[in-house]
1. Lys and Arg at +1, Asp and Glu at -1: add these up for the other residues within a Cβ distance under 15 Å of K196 and post the number.
2. Please work out how much length the chain gains when fully extended from S66 to I16, using 0.36 nm per residue of separation minus the C-alpha to C-alpha distance, in nm with one decimal.
3. Would you tally the net charge around S18, using a Cβ to Cβ cut-off of less than 13 Å, leaving S18 out, and scoring K and R as +1, D and E as -1?
4. Tell me the angle of helix 11-23 to the major Cα principal axis of the chain, expressed in degrees between 0 and 90 and rounded to the nearest ten.
5. How do C64, C30 rank when sorted from fewest to most other Cβ atoms within 10 Å of their own Cβ?
6. Can you tell me the dipole magnitude for the chain around its Cα centre, using point charges on the Cβ only (Lys, Arg +1; Asp, Glu -1), in Debye to the nearest 20?
7. Percent antiparallel among DSSP beta bridges with both residues in the chain, to the nearest 5?
8. Work out how much length R33 to T135 would gain on full extension: take 0.36 nm times their residue separation and subtract the Cα-Cα distance, in nm to one decimal.
Amino acid sequence: MKKVLIIEDEISIANIISNSLIEEGFLTTCISRGDLAIDTFLKEKPDAILLDINLPGLNGWDICKSIKQISTVPIIMITARDNEFDEIKGLELGADDYITKPFTPKLLIVKLKKIFKIESSTFFKLNDITFDFNTFTLTTPESIFILPRREAQLLEFFFRNQNIIFSRETLLNEVWGFEFFGDERAVDTVIKRLRKKLGSFETYIKSIRGVGYVFKTN
């Protein structure tokens with residue numbers, strides 16, 4: 001069973017989420033204070049985190065940043081805010097997805113199930129770079145990186161769909177999922193981070209003006 005850590009200060013919402021996940025076969029742990037997040041994460045070792053932004057003790061931004069420095073565990077940010085700045089900031093800190101209140105438990109479950117699907121992926125090698133989909137480890141001649149899950153999902157999609165031009169909208173649908181209603185520039189943010197980590201191979205991800213992107217090695 002997958003274990004989900006729910007960090008939400010509204011107890012009624014946390015209970016609704018927890019009960020819905022338990023019905024789907026997940027294990028859950030709930031806490032309502034941000035300053036308990038890191039210790040609880042280290043103790044419980046969850047497979048995913050549902051993280052509110054506005055929390056007493058320590059906010060969700062700082063929690064996300066701290067956890068991503070030591071782990072690749074997927075994090076879905078949960079917030080009552082609904083603006084582009086919060087979404088992009090969450091991605092830049094390493095969050096894997098973003099959901100805005102009010103939302104249905106069904107939507108959250110879809111997001112979690114989509115996140116966990118990547119764990120069945122395998123190993124890929126291309127010229128002098130390798131990527132292990134199971135551990136999210138990207139190895140280039142210059143460096144070794146453990147990618148955040150959203151970067152790993154996008155890179156996996158590119159590896160499996162080389163030489164095909166995709167619009168930003170298509171990438172959002174295929175990688176983020178049809179339930180994503182954020183700005184298309186979220187794609188640009190993740191691609192910018194991937195290119196930096198690919199180093200001398202950054203040109204594999206090519207921009208097609210007015211269209212989108214293509215993963216092409218020649």
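1. Neighbourhood net charge equals 0.
2. The span from S66 to I16 would gain 15.3 nm if fully extended.
3. Net charge in that neighbourhood comes out at -3.
4. Helix 11-23 sits at roughly 60 degrees to that axis.
5. C30, C64
6. Value, rounded to 20: 660 debye.
7. Here the share of antiparallel DSSP bridges comes out near 50 percent.
8. Computed gain between R33 and T135 is 33.7 nm.
We did not get these values from a lab; they are worked out from the coordinates using the rules stated. Quick caveat, the model's predicted, so the values are computed rather than measured. So basically every Cβ, Gly included, is an ideal-geometry build from the backbone, and we count neighbours across all protein chains shown.
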